[in-house]
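Heads up, the thing below is written out as structure tokens.
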Amino acid sequence: MKNKSLFHVFTNGLLNENPTFRLLLGMCPTLAISTAASSGVGMGLATTFVLVFSNMVISMLRHIIPERVRIPGFIVVIATFVTIIDLIIKAFLPSMSDTLGIYIPLIVVNCIIFARAESFAFKNPVLPSAFDGLGMGLGFTCSLTLLSSVREIIGSGKWFGMQVMPEAYKPMSVIITPSGGF
């Protein structure tokens, strides 16, 4: 970590190394799921949960996991937290679970999660790793929310389901389909 403050570690993911806008990581869920602002927030917060807790556990186990099996070890840890958040969303937010569908389980192989596990959590103590996961996760959430807000407004004239464009506005509905992100 080389004497970086926790504040710097946290803000790094929000600004300097934003996963979507600066590192261009996580583009598949960004383009496919960012059809409505609520989906962007939901996917972003689910990813944040997985990032924070997987970073913490990987950091705790970094001296125990042998170097040659670290990637399978990362997958097991990440899959555990993805399963937990998937079950929580299904239990308490069934409509969000239906909206996000297959994209929640695909967090297991999201390159943002692997990049942070490999480049930060496996090399740093627990607390900085948690702050890194939180900053990167919230940076991803902000970028997903911003992009999905633009797509929702252009594609439906609504934002978080509320009409924001005048009635004369003709929405471009292709924008709010998953393929509209491309």
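Can you give me the long-range amide H partners of Trp159? Hydrogens built in the peptide plane at 1.01 Å from N, cutoff under 5 Å, separation of 5 or more residues or another chain.
Those lying under 5 Å, H to H, from Trp159 are Val164.
Ordered by residue, what ³J(HN,Hα) values in Hz, to whole numbers, does segment 13-28 give under the Karplus form 6.51 cos²θ - 1.76 cosθ + 1.60, where θ = phi - 60° and Gly and Pro are x?
x, 6, 10, 4, 10, 3, x, 8, 7, 9, 9, 6, 9, x, 6, 4
Give me, ordered by chain and number, the residues 5 or more places off Leu25 or on other chains with an amide H under 5 Å from its own placed amide H.
For Leu25, whose amide H was placed from the backbone, the distant partners under 5 Å are Thr20.
Please give the length that would be gained between Cys111 and Lys4 if that part of the chain were fully extended, namely 0.36 nm times their separation in residues minus their C-alpha to C-alpha distance (nm, one decimal).
On the way: separation 107, 0.36 × 107 = 38.52 nm, distance 2.40 nm.
Separation in residues times 0.36 nm, less the Cα-Cα distance, equals 36.1 nm.
Once phi is turned into θ = phi - 60°, what whole-Hz ³J(HN,Hα) does the Karplus curve with 6.51, -1.76 and 1.60 give for every residue of segment 168-174, x standing for Gly and Pro?
Each residue's phi maps through the Karplus curve to give 6, 5, 9, x, 9, 4, 5 Hz.
Semi-axes of the equivalent ellipsoid for the chain, please: Cα gyration tensor eigenvalues, times 5, square-rooted, ordered largest first, whole Å.
Values: eigenvalues 207, 60, 32 Å².
Largest first, the chain gives 32, 17, 13 Å.
Want the number for Val174 to Phe92: 0.36 nm per residue separation, take away the alpha-carbon distance, what's left? Intermediate values should be presented prior to the final figure.
On the way: separation 82, 0.36 × 82 = 29.52 nm, distance 3.03 nm.
Between Val174 and Phe92, full extension yields an extra 26.5 nm.
In whole Hz, what ³J(HN,Hα) sequence does segment 62-68 give by Karplus (6.51, -1.76, 1.60; θ = phi - 60°), x for Gly and Pro?
4, 8, 9, 6, x, 3, 6
Under DSSP H, which helices of the chain have Cα atoms covering 18 Å or more of the helix axis and a Kyte-Doolittle average no less than 1.6?
Counting only whole DSSP H runs, the qualifying helices are 70-92.
Using Cα centres only, tell me the gap between segment 30-80 and segment 114-182 in whole Å.
Comparing the Cα centres of segment 30-80 and segment 114-182, I get a distance of 16 Å.
So how do 76-89, 153-166, 42-55, 119-132 stack up, highest first, on mean other-Cβ count within 10 Å?
On the way: 76-89: 17.4, 153-166: 14.4, 42-55: 24.9, 119-132: 20.1.
By packing density, highest mean first, the sequence is 42-55, 119-132, 76-89, 153-166.
Quick note: the coordinates plus some simple rules give every number you see, no bench work behind them. Because the structure is a prediction, the values reported are computed rather than measured. We place every Cβ from the backbone using ideal geometry, glycine too, and count neighbours over all the protein chains shown.
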